[in-house]
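Structure first, then comments.
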Amino acid sequence: MNKLYFRYGAMGSSKTAQALMLKFNYEQKGHTVFLFKPVVDKRCEENGKAYVASRIGLKAECIEFSSQDDFWQLSQEYAILNVKTVSKNVIIIDECQFLTAKQVEQLKEISLYLPVLCFGLLTNYKTELFEGSKRLIELADSIAEVKSVCKCGRKATINVRLSKGLIVTQGNEIEIGGDDKYEGMCYYCYKKKLLSQQKKYNK
Ligand SMILES: [Zn+2]
(Lines give C-alpha, C1' and ligand atoms only; values in the text may rest on other atoms or scores of the structure.)
Protein backbone atom coordinates (compact mmCIF):
# COMPACT_ATOMS: atom_id res chain seq x y z
CA MET A 1 0.00 0.00 0.00
CA ASN A 2 1.22 3.47 -0.84
CA LYS A 3 1.56 5.96 1.95
CA LEU A 4 2.29 9.53 2.90
CA TYR A 5 5.43 9.57 5.06
CA PHE A 6 6.68 12.38 7.29
CA ARG A 7 10.26 12.22 8.55
CA TYR A 8 11.11 15.17 10.76
CA GLY A 9 14.18 16.25 12.68
CA ALA A 10 15.96 19.30 14.08
CA MET A 11 18.56 21.28 12.13
CA GLY A 12 21.59 19.14 11.35
CA SER A 13 19.79 15.84 11.78
CA SER A 14 20.82 14.60 8.32
CA LYS A 15 17.26 14.64 6.99
CA THR A 16 18.41 15.76 3.54
CA ALA A 17 21.14 13.11 3.45
CA GLN A 18 18.55 10.48 4.33
CA ALA A 19 16.23 11.77 1.61
CA LEU A 20 19.05 11.51 -0.93
CA MET A 21 20.10 8.03 0.23
CA LEU A 22 16.52 6.89 -0.08
CA LYS A 23 16.38 8.31 -3.61
CA PHE A 24 19.51 6.35 -4.49
CA ASN A 25 18.04 3.21 -2.94
CA TYR A 26 14.80 3.49 -4.90
CA GLU A 27 16.69 4.13 -8.14
CA GLN A 28 18.86 1.07 -7.56
CA LYS A 29 15.65 -0.94 -7.45
CA GLY A 30 14.45 0.47 -10.77
CA HIS A 31 12.13 3.18 -9.49
CA THR A 32 11.93 6.73 -10.78
CA VAL A 33 12.20 9.36 -8.04
CA PHE A 34 10.75 12.84 -8.43
CA LEU A 35 12.66 14.98 -5.94
CA PHE A 36 11.10 18.31 -5.00
CA LYS A 37 12.17 21.23 -2.87
CA PRO A 38 10.56 24.58 -2.11
CA VAL A 39 11.75 27.60 -4.04
CA VAL A 40 12.30 29.61 -0.81
CA ASP A 41 15.70 27.98 -0.60
CA LYS A 42 17.91 29.60 -3.22
CA ARG A 43 21.19 28.41 -1.77
CA CYS A 44 21.75 25.58 -4.17
CA GLU A 45 21.27 26.74 -7.73
CA GLU A 46 23.88 26.23 -10.41
CA ASN A 47 23.51 27.05 -14.12
CA GLY A 48 19.80 27.58 -13.67
CA LYS A 49 19.32 24.07 -12.30
CA ALA A 50 18.09 23.43 -8.80
CA TYR A 51 19.74 20.96 -6.47
CA VAL A 52 19.15 19.39 -3.13
CA ALA A 53 22.43 19.17 -1.25
CA SER A 54 23.25 17.76 2.16
CA ARG A 55 26.02 18.85 4.48
CA ILE A 56 27.84 15.55 4.12
CA GLY A 57 28.28 16.12 0.39
CA LEU A 58 25.41 14.25 -1.27
CA LYS A 59 23.68 16.20 -4.00
CA ALA A 60 20.95 15.65 -6.59
CA GLU A 61 19.07 17.69 -9.15
CA CYS A 62 15.52 18.48 -8.13
CA ILE A 63 12.27 20.15 -9.18
CA GLU A 64 11.44 23.38 -7.38
CA PHE A 65 7.95 24.30 -6.28
CA SER A 66 6.46 27.47 -4.85
CA SER A 67 3.61 27.91 -2.40
CA GLN A 68 1.40 28.71 -5.41
CA ASP A 69 2.01 25.36 -7.13
CA ASP A 70 -0.61 22.65 -7.28
CA PHE A 71 0.80 19.13 -6.93
CA TRP A 72 -1.87 17.70 -9.23
CA GLN A 73 -0.63 20.07 -11.94
CA LEU A 74 3.01 19.29 -11.19
CA SER A 75 2.20 15.57 -11.37
CA GLN A 76 0.66 16.12 -14.77
CA GLU A 77 3.55 18.26 -15.97
CA TYR A 78 6.11 15.60 -15.04
CA ALA A 79 3.84 12.66 -15.98
CA ILE A 80 4.16 11.29 -12.45
CA LEU A 81 0.71 9.69 -12.49
CA ASN A 82 1.04 8.18 -15.97
CA VAL A 83 -0.80 4.83 -15.74
CA LYS A 84 2.03 2.91 -17.38
CA THR A 85 4.76 4.12 -15.03
CA VAL A 86 3.04 5.21 -11.83
CA SER A 87 3.73 1.91 -10.06
CA LYS A 88 7.48 2.62 -10.39
CA ASN A 89 7.29 6.27 -9.38
CA VAL A 90 8.11 7.83 -6.03
CA ILE A 91 7.86 11.42 -4.78
CA ILE A 92 10.40 12.72 -2.26
CA ILE A 93 10.10 16.24 -0.83
CA ASP A 94 12.92 17.98 1.01
CA GLU A 95 12.29 20.94 3.37
CA CYS A 96 8.65 19.85 3.47
CA GLN A 97 7.88 22.27 6.32
CA PHE A 98 7.42 24.90 3.60
CA LEU A 99 4.53 23.05 1.95
CA THR A 100 1.19 24.78 2.40
CA ALA A 101 -1.62 22.90 4.16
CA LYS A 102 -3.38 22.67 0.79
CA GLN A 103 -0.33 21.11 -0.87
CA VAL A 104 -0.09 18.51 1.90
CA GLU A 105 -3.76 17.68 1.24
CA GLN A 106 -2.98 17.26 -2.48
CA LEU A 107 -0.02 15.00 -1.66
CA LYS A 108 -2.21 12.92 0.64
CA GLU A 109 -4.54 12.20 -2.30
CA ILE A 110 -1.59 11.57 -4.65
CA SER A 111 -0.15 9.11 -2.11
CA LEU A 112 -3.04 6.79 -2.95
CA TYR A 113 -1.19 6.09 -6.22
CA LEU A 114 2.49 6.15 -5.23
CA PRO A 115 4.68 6.63 -2.12
CA VAL A 116 5.19 10.25 -1.07
CA LEU A 117 8.04 10.81 1.39
CA CYS A 118 8.41 14.19 3.09
CA PHE A 119 11.53 15.29 5.00
CA GLY A 120 11.72 18.49 7.02
CA LEU A 121 11.60 20.42 10.25
CA LEU A 122 8.77 20.15 12.71
CA THR A 123 8.98 23.58 14.34
CA ASN A 124 10.35 27.01 13.53
CA TYR A 125 12.79 28.98 15.72
CA LYS A 126 9.86 30.21 17.81
CA THR A 127 9.16 26.54 18.67
CA GLU A 128 5.87 26.67 16.71
CA LEU A 129 4.82 24.13 14.09
CA PHE A 130 5.34 25.08 10.46
CA GLU A 131 2.14 25.06 8.41
CA GLY A 132 3.27 22.11 6.27
CA SER A 133 4.50 20.10 9.24
CA LYS A 134 1.26 20.62 11.14
CA ARG A 135 -0.80 19.28 8.24
CA LEU A 136 1.64 16.40 7.75
CA ILE A 137 1.22 15.34 11.38
CA GLU A 138 -2.52 15.40 10.83
CA LEU A 139 -2.47 13.47 7.54
CA ALA A 140 0.67 11.32 7.26
CA ASP A 141 0.27 7.55 7.46
CA SER A 142 3.74 7.17 8.91
CA ILE A 143 5.56 9.68 11.13
CA ALA A 144 9.08 9.19 12.45
CA GLU A 145 11.80 11.32 13.95
CA VAL A 146 15.30 11.60 12.51
CA LYS A 147 17.31 12.11 15.68
CA SER A 148 20.20 14.49 16.16
CA VAL A 149 22.20 15.54 19.18
CA CYS A 150 22.84 18.84 20.90
CA LYS A 151 26.42 19.87 21.76
CA CYS A 152 25.80 18.50 25.28
CA GLY A 153 24.82 15.07 23.99
CA ARG A 154 21.09 15.33 24.69
CA LYS A 155 18.60 15.04 21.84
CA ALA A 156 18.21 18.27 19.83
CA THR A 157 14.58 19.34 19.61
CA ILE A 158 14.70 23.14 19.20
CA ASN A 159 15.69 24.82 15.94
CA VAL A 160 17.53 27.80 17.33
CA ARG A 161 18.09 30.85 15.16
CA LEU A 162 21.34 32.62 15.91
CA SER A 163 22.48 36.04 14.77
CA LYS A 164 26.05 37.03 15.75
CA GLY A 165 26.00 34.27 18.32
CA LEU A 166 22.77 35.44 19.96
CA ILE A 167 19.43 33.64 19.96
CA VAL A 168 16.79 35.37 17.84
CA THR A 169 13.21 34.99 19.08
CA GLN A 170 11.35 37.44 16.82
CA GLY A 171 11.00 38.12 13.09
CA ASN A 172 9.82 36.29 10.00
CA GLU A 173 9.50 32.54 9.94
CA ILE A 174 11.59 32.21 6.80
CA GLU A 175 14.97 33.88 6.83
CA ILE A 176 17.35 32.09 4.56
CA GLY A 177 20.83 33.38 3.90
CA GLY A 178 22.10 36.50 5.61
CA ASP A 179 24.26 36.10 8.67
CA ASP A 180 21.73 34.11 10.63
CA LYS A 181 22.49 30.52 11.41
CA TYR A 182 20.30 27.73 12.62
CA GLU A 183 21.37 25.16 15.14
CA GLY A 184 19.64 22.16 16.67
CA MET A 185 19.74 22.34 20.49
CA CYS A 186 18.16 20.54 23.40
CA TYR A 187 15.66 22.55 25.43
CA TYR A 188 18.02 22.70 28.40
CA CYS A 189 20.87 24.35 26.47
CA TYR A 190 18.45 26.62 24.61
CA LYS A 191 16.95 27.87 27.88
CA LYS A 192 20.32 28.27 29.54
CA LYS A 193 21.70 30.32 26.66
CA LEU A 194 18.54 32.39 26.41
CA LEU A 195 18.59 33.23 30.14
CA SER A 196 22.26 34.22 30.17
CA GLN A 197 21.65 36.33 27.08
CA GLN A 198 18.69 38.08 28.73
CA LYS A 199 20.70 38.74 31.91
CA LYS A 200 23.51 40.27 29.90
CA TYR A 201 21.45 42.50 27.61
CA ASN A 202 18.25 43.36 29.43
CA LYS A 203 19.67 44.99 32.53
ZN1 LIG B 1 22.07 20.50 25.07
Checking Gly153 against (1) closer than 18 Å to Ser13 by Cα; (2) exposed (fewer than 13 other Cβ atoms within 10 Å of the Cβ); (3) at pLDDT below 90, which test does it fail?
(3)
Take the residues in region 154-178 that are assigned to a strand (DSSP E or B) and among the charged types (D, E, K, R); name whichever of them is farthest from Phe6 (Cα to Cα).
Arg161
Spot the failing condition for Thr16; the list is (1) at pLDDT 95 or above; (2) in a helix (DSSP H, G or I); (3) under 23 Å from Arg161 (Cβ atoms), and only one is missed.
(1)
If I ask for residues that are touching a strand residue (DSSP E or B) at 6+ places or on another chain (Cβ under 7 Å), surrounded by fewer than 19 Cβ atoms within 10 Å (Cβ to Cβ) and in a loop (DSSP other than H, G, I, E, B), which ones from region 67-84 would you list?
Tyr78
Assess whether Asp180 counts as being of a type in the set (D, E, K, R), away from the ligand (no atom under 16 Å from the Cβ), at pLDDT 95 or above and surrounded by fewer than 18 Cβ atoms within 10 Å (Cβ to Cβ).
no
Could you identify the single residue in Lys191, Lys203 that is in a loop (DSSP other than H, G, I, E, B) and either within 16 Å of the ligand (Cβ to nearest atom) or modelled with pLDDT under 95 (or both)?
Lys203
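Residues checked against (1) assigned to a loop (DSSP other than H, G, I, E, B); (2) touching a helix residue (DSSP H, G or I) at 6+ places or on another chain (Cβ under 7 Å); (3) within 16 Å of the ligand (Cβ to nearest atom):
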site: Val104; (1), (2), (3): no, yes, no
site: Leu114; (1), (2), (3): yes, yes, no
site: Lys126; (1), (2), (3): yes, no, no
site: Gly132; (1), (2), (3): no, yes, no
site: Cys152; (1), (2), (3): yes, yes, yes
Against the condition surrounded by 14 or more Cβ atoms within 10 Å (Cβ to Cβ), farther than 16 Å from Lys15 by Cβ and more than 14 Å from the chain's Cα centre (by Cα), how does Gln170 come out, does it pass?
no
Which of the residues that make up region 52-72 are in contact with a helix residue (DSSP H, G or I) (Cβ under 9 Å, 6 or more places away or on another chain) and not aliphatic (A, V, I, L, M)?
Ser54, Arg55, Gly57, Lys59, Phe65, Ser67, Asp69, Asp70, Phe71, Trp72
Out of all the residues in region 134-148, which are open to solvent by 40 Å² or more (accessible area, probe 1.4 Å) and in contact with a Gly (Cβ under 8 Å, 6 or more places away or on another chain)?
Glu145, Lys147
Mind checking which pairs have a first residue in region 109-137 that is under 18 Å from Thr32 (Cβ atoms) and among the aromatic types (Phe, Trp, Tyr) and a second that is open to solvent by 10 Å² or more (accessible area, probe 1.4 Å) and at pLDDT 95 or above, Cβ under 7 Å, 6 or more apart or different chains?
Tyr113/Leu81; Tyr113/Val86
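The values are calculated or read from the model by the stated rules, or taken from the named source; none is laboratory data. Model, not experiment: these values are computed from the prediction. Using ideal geometry, Cβ is built from the backbone for each residue, glycine included, and neighbour counts are taken over all protein chains shown. SASA here: full protein model, heavy atoms, side chains in, ligands and nucleic acids out. Shrake-Rupley method; radii C 1.70, N 1.55, O 1.52, S 1.80 Å.
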